[in-house]
Structure formats: C-alpha cells, structure tokens
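Q: Questions regarding the structure given below will be posed in turn.
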C-alpha cells in the first residue's frame, strides 16, 4: 500500500508505476476497491512526495492491464509527458470517496490510529502504519511502537472492542501471547469474522 500525502483532504487510489505505450499512457497499481468508479471520476490529481506537488488531471480513458490499470490523461500525449507522472500517487478529494456500508472502514481511516490492548490493564501497543491484505482471512494491522518494533494484528471483530476513527484510537482484546509470538493467529485456531476494510 502506498502512503498518503500529509494533506488529509486527499486520498490515494493508485500509484503510477511505469509508462505504458507511446501516446502518454501510464500503468498504475490500484489502491481502491472501487475501480468501476473511474467511469464517473474524470477529475483526478497526481501528487509527488518529492516537492509535495499536486497536479490536477482529466482522465481521458482507462482500462485494466496485468492486475493494474492503464490511465490516459488529457494533455499527456507522449512518452516524455507520461514520464513526468512517474512515482506519482493518483488521488481524489476525500469527500468523493464511495460511501461504505455500516461496519466497514477505509485504510486511510485506520492509519495513524493508536492501538491499545485492554484485556486486563490498558496497554499501548503502537500506531497503525499500514494495512496488509492477502496474508490470511483477515486484513492485518501493521503496528509500530516507539522503539520501532512491528506487530501484525488481525483486524477482526472478535478482537476489536472499540474503534474511534475520529479520535484515532482502537481498543483490542487479543489472545494471550499473540504479541509476544508476533503471530497473526495460533496454529489451528479459527479466525473470527474480520472487519471490512476498503481502499
């Protein structure tokens, strides 16, 4: 998953990987669960961390290719012009995100949340720095503490006791020994129903 810009008003939905073709097309890795919305999303923004520059773009055409998406932007008509978009994050204004069903959350809502273990005495685990998909039945919260240690915690309803997105705080009750073993789930243990996370 790619990082977001420091401006919370924008959300990253793709990242440009390489030039694709000779007419200004670029191939991007998707970071959204709603690629069909590109039919309506014609105004996009390219943001580069280097220089913190954001550029408005008009989407002319798009099509899937090898697990990613090819974008053709208006006014980007050559290989040289397409190269200016390399290492850019493709973004939308946060208010244009698709509305989610109750109980589902965006990755960007979880990033920066303080995670606490509350089974016994309240214990601060660390801060969510990423969300990993595809490692199992549930998405994994990647949590770093102040000393730099990384924890991978399944984001499942059975472990999550309270989630305050606005307050950036997640309270969890984890199986004994999970954090010490740094294992997402013990061998043979059935995973609880996972919390729905969208990108």
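Throughout, read-outs are computed from the coordinates displayed, never taken from laboratory work. It should be emphasised that the depicted structure is a prediction, and the values quoted were computed from it without experimental measurement. Here the Cβ positions follow ideal geometry from the backbone for every residue, glycine too, while neighbour counts run over all protein chains shown.
Q: With 10 angstrom as the radius, rank 84, 160 by how many other C-beta atoms surround their C-beta, starting from the fewest.
A: Final ranking by Cβ density, sparse to dense: 84, 160.
Q: Which order do 78, 15, 147 fall in if you start with the one that has the fewest other Cβ atoms within 10 Å?
A: 147, 78, 15
Q: Let me ask something else about it. When Rg is the radius of gyration of the Cα atoms in the stretch 100-142 and Rh is its Kirkwood radius, what does Rg/Rh come to?
A: With Rh from the inverse mean 1/r over Cα pairs, Rg/Rh is 1.02.
Q: Another question, then. Return 146, 171, 25 ranked ascending by Cβ neighbour count within 10 Å, so the fewest neighbours appear first.
A: Result, fewest neighbours first: 146, 171, 25.
Q: Hey, what D do you get for the stretch 1-147 in µm²/s if you plug the Kirkwood alpha-carbon radius into Stokes-Einstein at 25 °C and 0.890 mPa s?
A: My calculation gives 146 µm²/s for D.
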